[in-house]
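Engineer: Handing you a structure now.
The values are calculated or read from the model by the stated rules, or taken from the named source; none is laboratory data. Owing to the predicted nature of the structure, the values given are computational and were not obtained by experimental measurement. Don't worry about glycine lacking a Cβ; one is built from the backbone with ideal geometry, like all the others, and counts go over all protein chains shown. All accessible areas refer to the heavy atoms of the entire protein, side chains included, with ligands and DNA or RNA removed. Shrake-Rupley method; radii C 1.70, N 1.55, O 1.52, S 1.80 Å.
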Amino acid sequence: MESPEPSRIGDRSTSDVVVRLRTHEGRDDWFYCHSLILIEKSKYFADRLSEDWPTCQILDSRNCVEVYCEESDFDHHVNFLRLLYVVIDGSLEDIWHGVKNALGILRVAVELECAQIVSACANYLEAMPWEEAEEDEILKIIPGMGSKAQPILARVQPVNPTAVLRIFLSAIKFATSSPPSAMNDLKTSAQEQLEYMLTEDDDAPLLTADQEVKFEVKECVKRLFTRFTNMLEALLCGPVESAYEKGKMQSFQSYLSDLSWAFQILNKLEIMKEFVNSWVGASDKIVLVVEQASSVAEIIETKSKVIEVAAKVLEAIGYGNVILPTAKRLHMVKVWLPFVRITKPLIDSATTNSKDAPELKIDGELWQSLESTFVSMVLTLPSEDQAEILTEWLGNENIHYPDFTEAFEVWCYRSKVAKRRLADMLGNHGMANSIL
């Protein structure tokens, strides 16, 4: 005996129920269905077609179930009805037609209480990659769909802090390891994500910067700086011509870029002091390496990168974020002031005349910030040292940058009133002693 043919949606000759799909905009489509399938697959339809449902209509000699939906969900309801007639066993993955469509069907399946389609749809969405817009939509919809849909959210759940720490430590070691140039894109990506992990924006930082994190970061940066120092030594000890071969200068620039990024991380963690002291100790050699070169475009680019790092270190010193003794502060002014004064016109000229200007250009705010930093540093020095620096500035052909007008005005005022202030202080001190 032959088995009966399976029921098909829309087969009017065998249908015993009409699903009337309607929208508030007036759309009204009839779908000839079969109560056995609807009742078996959907609790919603089972309830609507039961004897307990008092308002079941008769339409075209058949039971009729009206389902209202939004116009935007109409096609998803149609697809849902068709899927009730499909054997969903995992072998027909293309029935979902993409994440967006599957998500719409899932909403309908939850609403009309079809556990089989909810489960199959959830399995599909859990395994598929999502576009950013799809992910946002999933995060809006899935949380309200109950426990069966929760596995979909596994990939966006908060991560165990131990796992976050492990990946952070692995990433910081790689990002500061000075890998071959072929891996620069990977290194840059790791650096960007590490900075993002530590940044407080609309969300809290992904990682708590405890003592273990700070220690590991300092050790990684220390090893990076050691390799940089070793390269400085090699460049200074070797022949001048070979020191400025293209490959060596690119490697030197790469170190500077890594150090600039590393300083940002140290700044976020408030552990800059060791880096600053290392840069102070290496400053003479850094300037010597760069100034021995000719002013070709690659050397201009190198000087730009040196300025970027130096500006960050000088700012940390100038505004008291890292406390250094007078001798070291004076040394930094005497090393970097002439370098910056000479380098700025070269960079400005290169950015004006070179086709590579976008790559060489230094943000005007950095020059302004650097000028303010020098003024601040000079004004922290003893007045005799200030006088020496200001005398040299007034006689220099590059007097326009950095502009020490503010420092000069403050020095003049302090110097003029110094004797009176000192006399007042001594007088007040003597009066206090006589009272005591």
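Engineer: Please figure out what share of the DSSP beta bridges in the chain is antiparallel and state it in percent, rounded to the nearest 5.
Structural biologist: Around 55 percent of the beta bridges assigned by DSSP in the chain are antiparallel ones.
Engineer: If you don't mind, there's one more thing I want to ask. In nm, to one decimal, how far is the residue 412 label point from the residue 269 one, both placed 7 Å along Cα→Cβ?
Structural biologist: About 4.7 nm, to one decimal.
Engineer: Over the range 115-168, average the accessible area per residue using a 1.4 Å probe and give it in Å², no decimals.
Structural biologist: Spelled out: the 1.4 Å probe surface of the range 115-168, per residue, equals 61 Å².
Engineer: I need the calculated FRET efficiency for the pair residue 368 and residue 160, taking r as the beta carbon distance and R₀ as 45 Å, to the nearest 0.05.
Structural biologist: FRET efficiency, residue 368 to residue 160: 0.50.
Engineer: A further question on this structure: Using Cα centres only, tell me the gap between the range 97-155 and the range 367-420 in whole Å.
Structural biologist: Using only Cα atoms to place each centre, the spacing works out to 66 Å.
Engineer: Cross-link candidates for residue 187: which lysines have Cα within less than 26 Å, leaving aside residues fewer than 8 places away along the same chain?
Structural biologist: Partners within reach: 173, 214, 218, 222, 246, 248, 268, 273, 303, 305, 312, 361.
Engineer: Given points 7 Å out from each Cα along the Cα-Cβ axis, report the residue 282 to residue 421 separation in nanometres with one decimal.
Structural biologist: 3.8
Engineer: By how many nm would the segment from residue 383 to residue 51 grow when fully extended, if each residue of separation counts as 0.36 nm and the alpha-carbon distance is taken off?
Structural biologist: Extra length available between residue 383 and residue 51 comes to 109.5 nm.
Engineer: What list of whole percents do you get for P(r) of the range 107-215, with Cα-Cα distances grouped in 10 Å bins up to the one holding the largest distance?
Structural biologist: 12, 31, 26, 20, 10, 2
Engineer: Now a separate question. Could you name the aspartates and glutamates in cross-link range of residue 419, using Cα to Cα under 16 Å and dropping any fewer than eight places away on the same chain?
Structural biologist: Residue 419 reaches 384.
Engineer: Moving on. So how far apart, in nm, are the two label points at residue 346 and residue 183 if each is 7 Å from Cα heading toward Cβ?
Structural biologist: 3.2
Engineer: Calculate the FRET efficiency for residue 234 and residue 390 from the Cβ-Cβ distance with a Förster distance of 30 Å, rounded to the nearest 0.05.
Structural biologist: 0.20
Engineer: If I histogram all Cα-Cα distances within the chain using bins 20 Å wide from 0, what percent of pairs lands in each bin?
Structural biologist: 18, 31, 21, 19, 10, 1, 0
Engineer: At a 1.4 Å probe, what is the % contribution of carbon and sulfur to the accessible area of the range 85-178?
Structural biologist: 56
Engineer: Which cross-chain or sequence-distant (5 or more) residues have an amide H under 5 Å from the amide H of residue 17, H modelled 1.01 Å from N in plane?
Structural biologist: 33, 35
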